[in-house]
Amino acid sequence: MKKRSPQSRLLLSLVPAVALLLFAAHQGIQALRPSAPGPLGPSGLASFPPVLPGQALPLAAEQGVPTADVASNPEFPERPSDALRLPHEHLYRVNHLARARTLRDMGDPAGALTECRRALHDAPGDEEALRLLARLGPLVGHPDLAALALSRLGNVLPEDASPLIQQARLLISLSAFPEAVRVGEEALLRAPEEPEVYQVLGLAHLAAGELPRAILRFQQAVHLAPEYGHALNNLGFAWLRANENQKAAEVLARAAALLPHAGHVHNNLGVAYERLGRTDEAQAAYASATRLSPRYVKAHVNVSRMKAVARLGEGPSPFQEEHPVPVSQELER
C-alpha cells in the first residue's frame, strides 16, 4: 500500500472540519430567509422575522425584484389624504393593474377597484389605472372616487378635455352643480370647439336652476353640431321650462327626426304641441313615445289625460315632461 505524504494526510484531516463549517453556514442562511414582509427599517430596507431551520417558506404572488419604498412621482407627491391610493406592502413587486383587469373580466368590479387603488399607490399617475377606476367607481357605488380619478387624469393629460367632461357629468349626478360648472369651464378652455363641452355645461346650469345660461350653452352646442339630437332635445326641454313653447316645438321636432327611437324626445314634443293647442299632433307624439317605450310611465299618463280631456271636456292638467338626456358615467375614449 502506497504511503501518503504528510501534506495529503493534513488535507484529509481538514475535510470533516470544512464539512462542519459548510453545514453551519447553510443553517445560518436558512435562518435569515424571510417568512413574510416586515416593516421598513430606518435605512428604507425591509426587516424580516427569522425563520426556523427547515421551516417552509411562503411563495410570493409574483417572483421578481423585491420592492423598495413606495414608488414616488414628483408630479403626485405622497399625501396621507389621497383617497384614491390604497396602501399595501409586498415582499415582491406585484402587478396590481393586471390583477384589476383580471377581476373585472371575471365579474368582480369591487375587487378590481381595490386592485386599481393599490396600483395607484405604487404609481399615482398611471393613466390606465385611472381610466379603469373611473369606469368601475360608479358600478360599485363609488362615483366620488371615479370623479377624483377623472380629475387626476385631467392633470396627467393637460390638453385632453374628455376626462373633465366626464368628471363634470359625474359631479352633476352627485348634485355638485357649482363644481360641475367649474370643471366644465376648464374643459371649455381646452376644447372650445367641442359640442359636448357646451352640452355638459348646459346640463350643469339646468340642474342648478340657471335656465338662461343653460339655454345659451345648449344653443352653442347645437350651433357647433346642428344634428346633435340630444343637445336639441335638451334645448327643447329648456325652452319648455322657460314656457317658450313655439321654440321648444321647433327644436324638439328636429330632435325627434334625428332620434326616431327615443321615447322621451317624442314625449317632450307632445308636451310642446299640447301647450300650443295642436291636439292631434300631441296625441300622435305621445302615442309614439308609448310605442317606443311601453314602460314609459310619463307618456302613458299624458295619453290617459288627453283621452280624459277629449271625453269629458275637462281643462288641461299638469304635463308629464321628461328630464334631459341622462348623464353618462362611462369614460369617453
Whole-number D in µm² s⁻¹ for region 137-228, Kirkwood Cα-pair radius fed into Stokes-Einstein, 37 °C, 0.692 mPa s: 252
Alpha carbon convex hull of region 193-311, volume per residue in cubic angstrom: 96
Cα extents of region 82-158 along the three principal axes, largest first (Å): 33, 25, 18
Taking VAL156, VAL183, VAL303 and counting other C-beta atoms within 10 Å, the order from fewest to most: VAL156, VAL303, VAL183
Magnitude of the charge dipole, region 82-158, Cβ model with Lys/Arg +1 and Asp/Glu -1, debye to 20: 60
Those residues of region 122-153 whose amide nitrogen sits under 14 Å from the label point placed on ALA83, 7 Å along Cα→Cβ: 134, 137-138, 141-152
Full-extension gain in nm, ASP280 to GLU186, via 0.36 nm per residue minus C-alpha separation: 29.3 nm
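Only the coordinates and a few stated rules stand behind these numbers; no lab work does. All values derive from a computational prediction rather than experimental measurement. With ideal geometry, Cβ positions are generated from the backbone for all residues, glycine too; neighbour counts draw on all protein chains shown.
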